[in-house]
Amino acid sequence: MSYNIALLPGDGIGPEVTKAAVKVLDLVAGKFNVEVNYQEYLIGGNCYDKHDTPLIEETLEGCYKANAVFLGAVGGPAWENLPHHLKPEAALLKLREKLELFANIRPAKIYNSMLENSSLKSEVLEGTDFIVLRELTGGIYFGQPRGMDDDKGFNTMVYSKQEVERIARKAFEIAENRDKVVTSVDKANVLEVSQFWRNVVEEVHKDYANIKLNHMYVDNAAMQIVRDPRQFDVILTSNIFGDIISDISGMITGSLGMLPSASIGKKYTLYEPVHGSAPDIAGQNKANPIAAISSVGMMFEHSFQMTKAAELIEKSISKTLDEGYRTQDIAKENSNVVSTTEMIDLVLENLEKLFADEAIGVFLL
Ligand code: IPM
Ligand code: MN
């Protein structure tokens with residue numbers, strides 16, 4: 001088995017955490033006798049500096065050819081004042097659109113040894129494990145008309161039946177392998193587009209009788225996530241609500257530096273840490289590589305159907321945290337503060353141990 005992976009390191013700490021991803025990919029793929037090849041492409045501010053645009057055709061072509069895409073991070077103060085369509089973030093949106101990555105999975109799971117890191121109480125958090133499934137290629141992010149003049153600014157929130165159907169199906173499918181509860185989050189008490197969303201979700205639900213479906217208004221959902229996060233299993237929501245809800249959910253883990261994500265379409269898949277490019281610590285070997293490493297776990301699970309590999313990656317992260325190692329963003333008084341590269345090596349070491357412990361050695365696929 002052999003996979004081609006497009007690497008898009010991007011800006012700020014993007015290249016540093018991409019290195020972490022590659023190291024873990026190499027080790028785990030090797031253990032499973034899988035060959036991985038990498039091609040690197042430009043995206044974001046760096047790309048703009050060279051080509052006057054944050055996304056070039058070559059990068060898109062590279063993504064189309066790859067079995068999976070890994071993206072580091074984009075953005076930074078140097079490009080903040082550019083017009084909308086030239087900002088690094090525009091490249092991200094274009095990529096999502098072009099690769100039709102309609103389903104964005106963002107897990108909110110707390111590692112036991114991280115309970116103290118969250119701003120929420122441990123007893124509220126313990127055992128929290130849900131995912132936010134965010135629609136990623138529609139809604140107000142992409143709706144037309146949109147625009148701005150001296151007197152007004154406007155965007156359009158629109159969803160077609162087909163768009164809601166496919167993301168709803170994905171939510172029910174994901175729930176099948178979890179606790180079988182989907183909470184669809186909308187604003188149906190005010191927005192027609194949300195009432196439509198709710199109707200279509202209900203319709204699709206008829207094909208998944210064994211899954212429980214709840215509906216929740218987005219304002220209530222935001223409140224419930226911090227009040228009692230354990231009640232959730234799969235949160236299904238639109239592009240903009242998912243953007244907000246997933247940041248709230250992110251803080252459950254204590255740091256955005258821990259959170260992986262997968263963006264999935266019919267043909268293509270892209271994995272990226274949820275955190276941004278953190279320009280303030282870029283190039284200083286301080287970045288937390290865990291989100292990137294965990295994103296590689298998601299790649300094994302969703303793109304290569306190698307759940308065992310994904311499991312071992314999660315275990316090795318958990319073990320490293322249990323041992324008290326922390327990058328500075330998640331450090332406490334008694335933690336062993338380590339650099340990016342040290343954290344990578346520690347996770348790799350634990351991976352090696354896990355492979356040895358389980359006496360798995362070589363896997364045959
Ligand atoms: C995210 C980010 C992006 C979004 C921005 C950078 C365009 O916040 O991935 O959540 O809003 O989708
Ligand atoms: Mn966001």
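Table: residues versus (1) at pLDDT 95 or above; (2) in contact with a Gly (Cβ under 9 Å, 6 or more places away or on another chain).
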site	(1), (2)
329	no, yes
338	yes, no
341	yes, no
346	yes, no
350	yes, no
358	no, no
365	no, no
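For the stretch 347-362, indicate whether the set of residues that are assigned to a helix (DSSP H, G or I), within 22 Å of residue 250 (Cβ to Cβ) and in the same structural domain as residue 60 (by TED's automatic domain parsing) is non-empty.
Yes, because at least one residue in the stretch 347-362 is assigned to a helix (DSSP H, G or I), within 22 Å of residue 250 (Cβ to Cβ) and in the same structural domain as residue 60 (by TED's automatic domain parsing).
Scan the stretch 230-240 for residues that are surrounded by fewer than 22 Cβ atoms within 10 Å (Cβ to Cβ) and either within 14 Å of residue 110 (Cβ to Cβ) or among the acidic types (Asp, Glu) (or both) and report the count.
Here is the first cut: in the stretch 230-240, the residues surrounded by fewer than 22 Cβ atoms within 10 Å (Cβ to Cβ) are 230-231, 233, 240.
Applying the additional criterion that residues be either within 14 Å of residue 110 (Cβ to Cβ) or among the acidic types (Asp, Glu) (or both) yields 230, 233.
Number of matching residues: 2.
Just the residues that are touching a residue at least 24 places away in the same chain (Cβ under 8 Å), closer than 19 Å to residue 5 by Cβ and touching a Phe, Trp or Tyr at 6+ places or on another chain (Cβ under 6 Å), please, taken from the stretch 294-321.
If the condition is that a residue be touching a residue at least 24 places away in the same chain (Cβ under 8 Å), closer than 19 Å to residue 5 by Cβ and touching a Phe, Trp or Tyr at 6+ places or on another chain (Cβ under 6 Å), then 295, 298, 299, 306, 309 are the ones that fit.
Among (1) at pLDDT below 95; (2) assigned by TED's automatic domain parsing to the domain that holds residue 158; (3) not charged (D, E, K, R), where does residue 234 come up short?
(1)
One line per residue, one yes/no per condition, for (1) over 24 Å from residue 269 (Cβ atoms); (2) modelled with pLDDT under 95; (3) part of a loop (DSSP other than H, G, I, E, B):
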| position | (1), (2), (3) |
| --- | --- |
| 91 | no, no, no |
| 95 | no, no, no |
| 100 | no, no, yes |
| 114 | yes, yes, no |
| 119 | yes, yes, yes |
| 156 | yes, no, yes |
| 163 | no, no, no |
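From 233, 247, which residue is within 16 Å of ligand 1 (Cβ to nearest atom) and not polar (S, T, N, Q)?
Working: 233 fails: within 16 Å of ligand 1 (Cβ to nearest atom).
Step by step, each of 233, 247 is checked, and only 247 is within 16 Å of ligand 1 (Cβ to nearest atom) and not polar (S, T, N, Q).
Return yes or no: is residue 325 modelled with pLDDT of 95 or more, more than 16 Å from ligand 2 (Cβ to nearest atom), over 20 Å from residue 16 (Cα atoms) and open to solvent by 10 Å² or more (accessible area, probe 1.4 Å)? Full working, then the answer.
On the way: modelled with pLDDT of 95 or more: yes; more than 16 Å from ligand 2 (Cβ to nearest atom): yes; over 20 Å from residue 16 (Cα atoms): no; open to solvent by 10 Å² or more (accessible area, probe 1.4 Å): yes.
Spelling it out, it is not the case that residue 325 is modelled with pLDDT of 95 or more, more than 16 Å from ligand 2 (Cβ to nearest atom), over 20 Å from residue 16 (Cα atoms) and open to solvent by 10 Å² or more (accessible area, probe 1.4 Å).
Check the stretch 18-26 and report whether any residue there is in the same structural domain as residue 77 (by TED's automatic domain parsing), polar (S, T, N, Q), touching a residue at least 12 places away in the same chain (Cβ under 8 Å) and open to solvent by 10 Å² or more (accessible area, probe 1.4 Å).
No, the conditions are met nowhere in the stretch 18-26.
From (1) outside any strand (DSSP E or B); (2) open to solvent by 60 Å² or more (accessible area, probe 1.4 Å), pick out the condition that doesn't hold for residue 53.
Exception for residue 53: condition (2).
So residue 139 fits all but one of (1) crowded, with 18+ Cβ neighbours inside 10 Å; (2) without any contact (Cβ under 8 Å) to a residue 12 or more places away in the chain; what number is the exception?
(2)
For the stretch 241-258, which residues satisfy the criterion of being open to solvent by less than 50 Å² (accessible area, probe 1.4 Å), away from ligand 2 (no atom under 11 Å from the Cβ) and either of a type in the set (A, V, I, L, M) or in a loop (DSSP other than H, G, I, E, B) (or both)?
Correct list: 252, 254, 255, 258.
Restricting the first residue to the stretch 142-154 and requiring it to be assigned to a loop (DSSP other than H, G, I, E, B), which pairs with a second residue that is of a type in the set (Gly, Ala, Ser) meet a Cβ separation below 9 Å and a spacing of at least six or different chains?
From residues that are assigned to a loop (DSSP other than H, G, I, E, B), the pairs are 146/153.
The values are calculated or read from the model by the stated rules, or taken from the named source; none is laboratory data. Treat the numbers as computed from the prediction; the structure is a model and nothing was measured. Note that we place each Cβ from the backbone using ideal geometry, even for glycine, and neighbour counts take in every protein chain shown. In case anyone asks, the SASA skips ligands and DNA or RNA and just uses the protein heavy atoms, side chains included. Shrake-Rupley method; radii C 1.70, N 1.55, O 1.52, S 1.80 Å.
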